[in-house]
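After the structure tokens below, expect a handful of questions from me.
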Amino acid sequence: MRSCGYSLERAEGNELSFMRRTSGGEYPRLHAYTHTEGSVLVINLHLDQKKPSYEGSRTHSGEYDGELIETETERIKSLAASRAEPEQITEF
């Protein structure tokens with residue numbers, strides 16, 4: 001994720017949280033939760049439009065589809081494919 005321009009936000013067990021700013025401000029931003037299932041990396045990508053409304057809460061206004069998410073998904077896939085050995089890429 002770092003090679004895709006994301007910064008590690010936090011790690012909790014097997015799950016890592018990464019973010020990538022889409023503008024000069026803190027929000028909106030791309031947010032990805034990652035974890036592994038065996039040898040497969042699973043990425044849950046969404047767009048945070050604003051910070052959580054309630055202090056101490058991680059609930060936010062996340063968008064899980066749309067043109068920006070589709071474009072970013074393809075960008076991540078392309079970067080991953082260009083950096084991996086052919087036998088490492090099985091499915092996107």
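The values are calculated or read from the model by the stated rules, or taken from the named source; none is laboratory data. Note that the structure is a prediction, hence the values are computed from the model and not measured. We place every Cβ from the backbone using ideal geometry, glycine too, and count neighbours over all the protein chains shown.
Within segment 1-38, take every residue that is part of a loop (DSSP other than H, G, I, E, B) and in contact with a strand residue (DSSP E or B) (Cβ under 7 Å, 6 or more places away or on another chain) and give me the one that is farthest from residue 71 (Cα to Cα).
Result: 14.
If you take the residues of segment 1-47 that are among the β-branched types (Val, Ile, Thr) and over 14 Å from residue 72 (Cα atoms), which of them is modelled with the highest pLDDT?
34
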